[in-house]
Structure formats: structure tokens, C-alpha cells
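Have a look at the structure below, then the notes.
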Amino acid sequence: MIKVSNLEKSYGEVKALKGISLEVEKGELFGLIGPDGAGKTTLMRILVTLLLPDSGSATMDGLNVVDDFRKIRKMVGYMPGRFSLYPDLTVEENLQFFATVFGGTIAANYHLIKDIYIQIEPFKNRPAGKLSGGMKQKLALSCALIHAPKVLILDEPTTGVDAVSRKEFWEMLNKLRHQGITILVSTPYMDEANLCDRVALIQNGTILSIDSPKNITKSFAKKLFGVKVETTAQRFECVGLLKELDGIDSVFSFGESIHITSNQKDINEVNVKEYLNNKGHQGILVEKIEASIEDVFMELMQNEAN
Amino acid sequence: MDQLLGFVKKEFTHIFRDPRTMVILFGIPIIQLMLFGYVITTEIKDARIAILDHSNDNVTREIKNKILSSGYFRLEANLIQENEIDPIFKKGDVKEVIVFEKGFAESLEREGKANIQVIADASDPNTAQMLFNYTNGIIQDYTKKKFAGFTIPVQIKSEVRMLYNENMVGAFMYVPGTMALILMLISAMMTSITIAREKEMGTMEILLVSPLKATHIILGKVAPYLLLSLIDAFVVVFLGNVVFGVPIRGSLFVLAFLVILYITMALSLGILISTVANSQQVALFISGFALMLPTILLSGFIFPIENMPVALQVLSNFMPPRWFIDALKQVMLKGNGFAYIWPNVLILSAMTLFFLGLSVKKFRLRLE
Amino acid sequence: MKQTSEYTGPIIRVKDLVKKFGSFTAVDHISFEVNKGEIFGFLGANGAGKTTAIRMLCGLLEPTSGALQVAGFDGYHQREAIKRNIGYMSQKFSLYEDLTVYENFRLYAGIYGIPRQERIRKTDELLKKLNLEESRNKLVAGLPLGWKQKLAFSLALFHQPAVVFLDEPSGGVDPLTRRTFWDLIYEVAHQGITIFVTTHYMDEAEYCNRVAIMSEGKIVALDTPIALKEQYKTDSMDGVFLKIARNKE
């Protein structure tokens with residue numbers, strides 16, 4: 001459905017995209033995972049025909065983003081990174097406006113947005129600017145869907161939104177995917193990668209890896225251990241101590257535990273625990289664990305940097 | 001068509017829901033008109049003058065009476081000798097000295113010609129010009145009435161500049177100027193700001209990604225302001241007429257045509273500005289400096305174009321309000337029709353086409 | 001200023017704090033204490049009242065009722081003293097992008113009235129520590145996001161406040177930089193400076209000594225991450241957060 005090959009784009013001196021290629025299948029929920037400044041927004045803006053690429057090509061449903069931009073604009077639903085609705089118009093007026101802009105009516109495609117819109121319908125006479133973060137998100141999604149697009153492109157829809165609203169939002173995306181809509185979504189939250197069919201990890205304008213979240217985490221080549229400590233103060237000290245241990249490649253705090261990676265044979269659960277015990281830390285729990293997307297991302301970032 | 005209507009409807013909702021926009025649209029025109037009409041008028045009241053009458057005959061006495069009873073002047077001193085003139089100016093109280101030549105009445109009767117010298121303090125050239133015009137007007141008026149039956153043309157001094165403003169009412173000058181200013185403010189400034197606001201809020205991104213065409217967006221933005229500007233123009237003309245007694249001597253059709261032409265010109269300027277301005281601030285800055293100041297300073301609205309240095313006179317030719325104000329005065333005050341104002345109409349139309357063409361060309365359907 | 005170093009009680013002491021805007025109660029009787037050197041996480045959905053609470057703690061808003069003490073100063077009558085003894089950093093507005101790194105330091109030192117000698121010494125020291133010596137005369141606008149973040153944090157600490165408020169300090173930052181940043185936070189807390197932090201990353205909530213979760217103006221949970229996970233029978237803070245939100249409905 002979406003095909004991007006060797007896409008490059010610079011803003012003056014800054015190279016935002018350094019030759020990106022990817023393909024998104026019809027009906028797929030595809031995630032672009034990466035921090036601010038990775039090039040996610042630039043890629044999306046090229047796809048929705050707002051920017052012209054310097055070189056390379058991109059097509060959506062076989063339509064070229066440069067030459068067939070008018071046709072693409074009819075079939076794509078887009079949610080920019082910032083809240084982009086009219087704050088002085090009410091919920092209903094916003095939806096009505098975007099329906100007419102695309103030459104349709106709310107009624108025609110109400111079935112598409114029903115599940116989402118029903119949650120904000122009680123506030124339909126409230127100005128959009130007075131909605132809470134999660135509700136704004138739902139309204140923006142409704143507005144992007146009201147013309148029944150084939151492809152949805154969502155630029156960081158969950159940034160700055162609380163954990164609950166984020167979870168709800170992903171549930172809605174999942175439902176939409178089952179209705180056959182192709183979705184390209186970007187996010188800086190690594191944990192959201194697992195909710196996508198496939199993801200591209202993107203950093204500094206290059207793609208680090210493209211695959212299903214499962215395969216990506218499987219690809220993690222090193223041994224990974226999770227170290228659990230009892231108190232927060234202990235954690236700080238243990239991070240420092242582990243960094244000094246020979247044979248350890250990286251030490252990072254990871255939620256409640258500390259993740260350490262290693263390629264050395266002689267590093268294992270037992271001797272890491274012993275090491276910390278000998279340094280005076282008790283109640284340590286070390287176990288071999290599966291990598292998460294974030295582990296992979298950091299590993300790839302470090303490789304890239306070297 | 002539905003798309004366009006939806007867009008226009010949305011624009012009206014924005015306007016009616018924002019108290020500030022409403023104040024700018026309907027409060028400011030009225031306030032501005034009143035300000036220019038009442039406060040910043042250049043009407044002369046009780047200007048202090050001195051008179052040196054070498055003749056002191058019937059005619060000069062009558063003229064003096066007429067001048068001093070007009071309400072515009074107050075007699076500060078009666079001078080006796082020429083050498084008193086300089087010191088009295090230097091003291092600074094007196095703005096104008098009127099000198100009657102010797103044997104004034106005699107000369108007027110015999111030769112039909114007599115000389116009055118008007119000396120004005122030109123350190124404030126505008127006031128000086130004004131005082132002179134007032135004085136001259138009164139003298140002309142006197143001559144006309146007094147010697148109405150004479151066969152020989154009687155002449156005292158004959159340069160009359162405010163021919164179509166015999167009563168010398170400031171509002172006559174300012175109503176057309178205010179109209180030019182207000183229409184520029186509302187049409188150009190408001191459209192450029194509202195388009196820039198969409199860019200600032202990020203909604204422009206969504207509009208661009210929709211199937212809306214450039215003409216939809218431009219027309220959708222322009223139509224509401226065209227309508228509102230017309231209402232404002234009507235309010236200004238109406239208030240000018242009722243409150244300040246500014247006449248509408250020309251045809252209403254010609255007047256309406258002229259106003260619509262000017263509004264269209266201003267709107268296209270507004271769109272042109274919005275193609276370069278990415279934020280409301282920049283739009284405000286550009287429309288403030290690039291449009292408001294020239295409209296006020298270079299259009300002949302406040303400062304007569306003839307008094308400007310040549311370079312500015314040339315520059316003023318490129319200021320659309322100049323042609324609008326001139327045509328407006330012709331239509332409202334003189335009652336002229338297309339036969340007289342066609343050059344102005346032609347120039348304004350050309351400017352409109354130029355701005356429109358440029359902004360359609362510059363309006364980008366992408367972000368860069 | 002002296003009062004801070006001598007002051008040994010809780011750095012933040014809040015009792016039945018209320019803030020009303022008209023008829024709307026943004027903060028509804030919240031109570032908690034934060035100790036010296038503690039990393040205190042402050043979580044909640046958008047619109048739960050977090051921002052209002054932080055503004056009161058920073059001396060920017062006067063409470064409607066309840067007791068509030070920060071660094072030993074009263075939240076009603078000594079708001080200026082509070083401001084002098086706290087640091088504040090949000091990702092977006094802490095730095096002047098059009099000034100150089102050094103100029104930013106000079107500006108902050110000036111705002112807090114730090115003497116010239118000390119300012120020069122401390123600036124050099126900090127630049128060295130942050131590995132920013134080479135960038136001292138570069139415009140902040142051109143720095144990578146991670147550097148800006150560290151710089152903003154250092155500036156918030158420049159006047160040696162008793163407590164630093166971090167308002168979503170790591171939104172959108174890459175995972176490596178985010179972790180280096182937390183290492184820095186730990187280091188600072190270790191030196192006895194109290195950290196008060198809000199975040200939308202639930203894994204970061206695990207790094208805090210204690211966490212308070214706000215919902216509809218009230219504090220609905222307050223404990224160590226481990227105790228909270230036990231209490232809500234889940235294995236991550238994400239789970240705690242979701243369960244609390246579900247209970248509400």
C-alpha cells in the first residue's frame with residue numbers, strides 16, 4: 001500500500017532523511033519508532049504530499065506522492081503531530097467542517113467513527129479547545145477518518161497523552177485495522193512498538209531495523225540480564241558498580257530492573273549476583289531475560305554511533 | 001461548491017465567536033472615524049493673528065471684520081509699521097500677519113485689483129498652509145458677494161485650494177481617508193492574519209492534505225471579509241454623512257463599484273502577505289508596516305502629496321490608497337462619475353490583478 | 001538562603017491543599033511530604049490537577065486553603081523565598097535558544113544574583129562536567145536535544161536549590177539519552193537535592209523513591225513503586241496506573 005525507496009530529504013545543511021526504504025502492506029498497522037528529530041515527521045509529510053523529497057520515490061496505493069498528489073489527498077487521512085483542530089469550533093462543528101471539506105457528510109461514514117465518536121458525543125457542543133488531551137485525540141482521529149480514507153497517517157498521536165488515553169487510542173487503531181484501513185503511525189514510546197504488526201526503528205534519518213516486533217526482539221544477539229534491587233538508592237550504586245565490571249557492554253536502568261548486556265561467556269546470572277553481593281549489596285535478583293524493543297533500539301543506536 | 005460553502009461558514013463562525021475580531025471589525029471603524037472626524041481635525045479655531053493695515057478704509061475694515069468674526073481667527077495686535085512684523089513672529093504667539101497695501105479700496109475700485117500680503121509662520125508648514133487657505137477663502141467669499149454685480153472682474157488674490165470644501169470642514173478630508181484605512185485594515189490585515197493563524201495552529205496542514213484547492217481556501221477566506229468590509233464601508237459613509245455632513249454627490253453605483261474594487265485589491269494584498277508570513281505576528285507586522293503606514297502617510301490622507309519631496313511623490317504613485325482616496329473624493333464631494341475617475345479605476349484594477357496573480361502563484365499547496 | 005542548608009525537616013510539606021478556580025476544584029485536599037534527597041514521582045492523566053499542584057509548590061499560585069511549605073517557606077506569605085530556593089525545568093521553555101551556552105549560564109546566574117567570581121568558577125566546572133566546554137560559545141538552538149536537556153537541568157541547579165521540579169523532562173528524547181539523564185538525576189539526588197518529577201513514561205516512575213498518582217484533583221495512590229505494585233497486584237507501574245484509572249470508572 002505504501003512503498004518508499006531511497007527517500008532523501010535535507011533542510012539546508014541538516015539531512016533529515018538519509019535514504020529510507022520501506023513497504024507497508026494493505027491493512028497493516030505499521031509503526032515508525034524513534035525519538036524526536038529521527039525523521040519520522042519528515043517521512044510522513046512527504047507521504048501526505050506536504051513536502052517534496054530531494055531524491056528517491058514514494059507511492060501510496062500505486063499513486064506517486066509528487067505527481068498524483070491530488071489523488072492521494074482524497075484517499076489519505078492525516079493527523080499532524082500537533083493538535084490541529086479549530087479550538088473555537090465545537091466538537092460537532094469540527095467534524096462537520098472536515099466532512100464537507102472532503103465533500104462528504106458525517107452520516108455517510110458515521111459507521112467508521114461510531115465507536116470513537118460515541119465517547120465524545122456527550123460533549124459535542126463543547127469547543128474543541130476545552131477538551132481533555134485524550135478527548136482531543138479522539139476527535140482528531142474522528143476528523144481524520146470522516147472521509148473513509150484508505151490510508152491513515154498519524155504523527156505521534158500519543159505524545160504527551162497519559163498512559164490510559166494512550167492505551168485506549170491503540171485499541172481504537174487496532175479496531176480500525178480490522179476494518180481494512182492501512183495505518184502508519186509514529187511514536188517515541190518504544191513500548192508501543194509491540195502493538196504494531198511491523199515496525200521500523202528510525203534514528204537520525206536512517207532506518208535501524210524493519211520487522212515484526214517479535215522478530216526484532218529475537219534478533220538481539222547479546223546475552224541480556226535483568227538485575228533487580230530492593231531500593232532506589234541501591235539501584236544508583238549498582239548501576240555504577242556494574243559499569244565497572246569487566247565483560248559488560250552496557251548497563252541501563254529499565255523500569256524496576258537494571259539491564260546489562262554482554263558477549264562474554266563467563267558472565268552469567270550467578271557471578272553477576274556474587275559480584276554485587278561482594279560489594280555489599282544484598283537481596284539482588286539476577287535473571288536472563290528476553291530483549292524488549294527498547295533494548296534492541298539502544299543496542300542498534302550504539303552500533304550506529306560506533 | 002459545498003466545500004466552499006462549508007469553508008465560508010466555518011470562517012464566519014470563527015469571526016462571530018471571537019470578541020476581539022468583532023471589535024476590530026465593527027468597533028474600530030466607528031472609533032477611528034470619530035477620532036479623525038473630531039479630534040485630529042486640522043480645523044483652525046481662534047488662531048492668533050496680527051494685522052497691519054496701511055490703508056484703513058471701508059473695504060479693509062469690512063474684510064477685517066469678516067475675518068475676525070469667522071471664529072477661526074483672533075486679533076492679537078494691530079501693527080503700525082512693517083518692522084513690527086518680525087519681532088511679533090519671534091515672540092511666537094502670532095501665527096499669521098495680514099498686510100493691506102496702501103490705498104486698498106481705491107486701487108480695487110480703479111483697477112479692479114488690490115493686494116493683500118499674508119505672512120504665515122511656516123515653521124509649521126501644514127498650519128501655515130491651512131491658515132493661508134482659510135484667510136484666502138474668506139477674502140474670496142467677500143469679493144464675490146461684494147462685487148457680484150460688477151462687470152470688470154474684481155480680484156484680490158486668487159489662489160483657492162479648497163474649492164470643494166468651501167466650509168473647510170476637516171471631516172470632508174478625513175472620511176475618504178478613514179475609509180481607505182479601515183478597509184485596508186480589515187481586508188488585508190484580517191485575511192493575512194487569519195490565514196497565518198491556520199498555519200500557526202497546524203490546521204493548514206490538514207487543509208492542504210485535503211482535496212481542497214488553492215482557490216477554495218483563498219475564496220473561503222476572502223468571501224466573509226469582503227462582505228464584512230462592505231458593511232463597514234457602508235457604516236463609514238453613513239456616519240460620515242449623518243454625523244459630519246459629508247455629501248455623497250456622485251452615484252451610489254459608482255461609489256459601490258469603487259469600494260468593491262478597492263476591497264478586492266486589499267484582500268489580494270492580504271493573501272499575498274499570508275503567503276510569506278508563517279505566524280500571526282509576522283502577518284501583523286507586515287500588514288502594519290507595509291500597509292498601514294503608507295496608507296496613512298503617503299496616500300495624501302493626512303499630508304498633501306503636493307507638499308512631499310519628489311521622491312515620495314513618485315513613491316505615492318505606487319500606493320493603492322492614493323488612487324482610491326482621490327477617486328472617492330471625486331465621487332463623494334464632486335459628484336464625478338466614471339468619465340472622470342476611469343484612470344483611478346484602471347490603476348486600481350491593474351494593481352488588483354497584479355497582487356492576485358502574484359498570490360495565486362505564490363500560494364503553495366505544500367509546506368515548502 | 002542560609003535557612004535551606006540548616007533546614008532539616010521535609011523539603012515539601014503539603015497538608016489538605018486545595019486550589020479552586022471559580023467553582024472548579026483543580027486540587028482537592030492533597031497531603032504529602034517529600035524528604036531531602038528524595039526522588040518523588042508525580043503522575044496523573046492530563047487534567048488530573050498536576051500542573052496546578054506544581055504551580056502552587058513553585059510559588060506561582062496562591063493556594064485556596066490548606067498548608068504548604070517548601071524548603072521551610074510558607075506557600076502563602078513567602079512565595080518569593082520559595083522561588084529563590086527551587087529549580088524548575090520543563091523540556092520546552094528552560095533555555096534561550098538564541099543565546100549561547102555560556103550566555104544562558106550568565107543570564108541564570110544574574111537572575112539569582114550569584115556573584116561574578118562564583119559564576120565563572122561554577123560555569124567552568126559545570127561545562128567540564130557536561131562535556132560542553134567546546135560548545136560554550138555555540139548557540140543553544142544548534143545543540144542536540146539530549147545536550148539541551150542536560151544543559152537545562154544544570155541551569156535549574158545552578159543556584160543550588162533545595163528542590164528541583166522537572167516537568168516531563170524527557171518527552172520525545174531517545175532511550176539512550178533518557179537513561180543518561182536519569183543517571184544525572186540520581187547523582188544530583190545523591191548530593192541531597194530533592195527531585196520532584198512528572199513523566200508520562202511509566203518505566204521512569206519505577207526510578208523514583210516514591211510515587212504519587214493524581215486523579216481528578218486528589219492523590220489516589222502514594223507509596224514506593226514496589227509497594228504500589230504489590231498493592232495493585234501487578235508487575236509494572238504501567239499496570240498500577242491503568243488499574244487506578246479503571247477503578248475510577
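General remarks:
- Selection count, region C:168-183, where residues are more than 9 Å from chain A (Cβ to nearest Cβ), over 22 Å from C:G239 (Cβ atoms) and buried (at least 22 other Cβ atoms within 10 Å of the Cβ): 1
- Selection from region C:184-233 of residues that are more than 7 Å from chain A (Cβ to nearest Cβ), in a helix (DSSP H, G or I) and within 26 Å of A:T187 (Cβ to Cβ): C:L184, C:I185, C:E204, C:A205, C:L228, C:K229
- Condition check for A:K273: basic (K, R), modelled with pLDDT of 90 or more and out of contact with any Cys (no Cβ under 6 Å at 6 or more places or on another chain): yes
- Scanning region A:41-75 for residues that are among the charged types (D, E, K, R) and facing another protein chain (nearest Cβ under 10 Å) gives A:R45, A:R70, A:K71, A:R73, A:K74.
- Among the criteria (1) more than 12 Å from chain A (Cβ to nearest Cβ); (2) closer than 30 Å to C:T8 by Cβ; (3) surrounded by 18 or more Cβ atoms within 10 Å (Cβ to Cβ), the one C:L151 does not fulfil is (2).
- Look at (1) within 14 Å of chain A (Cβ to nearest Cβ); (2) part of a helix (DSSP H, G or I) and you find that B:P176 fails only one, number (1).
- Just one of the listed residues (B:F338, B:F318, B:F355) is among the aromatic types (F, W, Y), within 15 Å of B:G270 (Cβ to Cβ) and modelled with pLDDT of 80 or more, and it is B:F355.
- Meeting the requirement of 3 or more residues that are assigned by TED's automatic domain parsing to the domain that holds B:Y262, out of contact with any Ser or Thr (no Cβ under 6 Å at 6 or more places or on another chain) and not aliphatic (A, V, I, L, M), the helices (runs of 4 or more DSSP H) wholly within region B:273-340 are B:280-286, B:320-329.
A quick yes/no check of all residues on (1) modelled with pLDDT of 85 or more; (2) within 15 Å of B:Q117 (Cα to Cα); (3) surrounded by 14 or more Cβ atoms within 10 Å (Cβ to Cβ):
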position	(1), (2), (3)
B:D46	no, no, no
B:I63	yes, yes, yes
B:S69	yes, no, no
B:R74	yes, no, no
B:L79	yes, yes, yes
B:D93	no, no, no
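- Residues being outside any helix (DSSP H, G or I) and among the hydroxyl-bearing types (S, T, Y) - total across region C:166-183: 1
- The lone exception for A:T59 - which of (1) within 23 Å of the chain's Cα centre (by Cα); (2) within 29 Å of A:L131 (Cβ to Cβ); (3) of a type in the set (S, T, Y); (4) not in a helix (DSSP H, G or I) it fails: (2)
- Screening the candidates C:G110, C:G47, C:G87, C:G75 for the property of being free of Cβ contacts under 8 Å to residues at least 12 places away in the same chain and more than 14 Å from chain A (Cβ to nearest Cβ) yields one hit, C:G110.
- Test for B:H14: is it in contact (Cβ under 8 Å) with a residue 12 or more places away in the chain and within 14 Å of another protein chain (Cβ to nearest Cβ): yes
- Flag for A:V239 being of a type in the set (A, V, I, L, M), without any contact (Cβ under 8 Å) to a residue 24 or more places away in the chain and within 19 Å of C:A205 (Cβ to Cβ): yes
- Any chance A:A148 is on the phi > 0 side of the Ramachandran plot and at pLDDT 90 or above: yes
- Only one entry of C:E103, C:E97 meets the criterion of being touching a Phe, Trp or Tyr at 6+ places or on another chain (Cβ under 9 Å), outside any strand (DSSP E or B) and of a type outside the set (S, T, Y), and that entry is C:E103.
- Each residue in region A:161-177 was checked for being more than 14 Å from the chain's Cα centre (by Cα), within 12 Å of chain C (Cβ to nearest Cβ) and under 15 Å from A:A140 (Cα atoms), and 2 pass.
- Flag if A:S253 is outside the structural domain of A:D197 (by TED's automatic domain parsing), within 24 Å of C:E230 (Cα to Cα) and in contact with a Gly (Cβ under 7 Å, 6 or more places away or on another chain): no
- Among the residues making up region C:136-147, those that are part of a helix (DSSP H, G or I) and modelled with pLDDT under 85 are C:A141, C:G142, C:L145, C:G146, C:W147.
The values are calculated or read from the model by the stated rules, or taken from the named source; none is laboratory data. Predicted model, so just to flag it, every value in this text is computed and none were measured. Because the Cβ atoms are built from the backbone with ideal geometry, glycine has one as well, and the counts that use them run over all protein chains shown.
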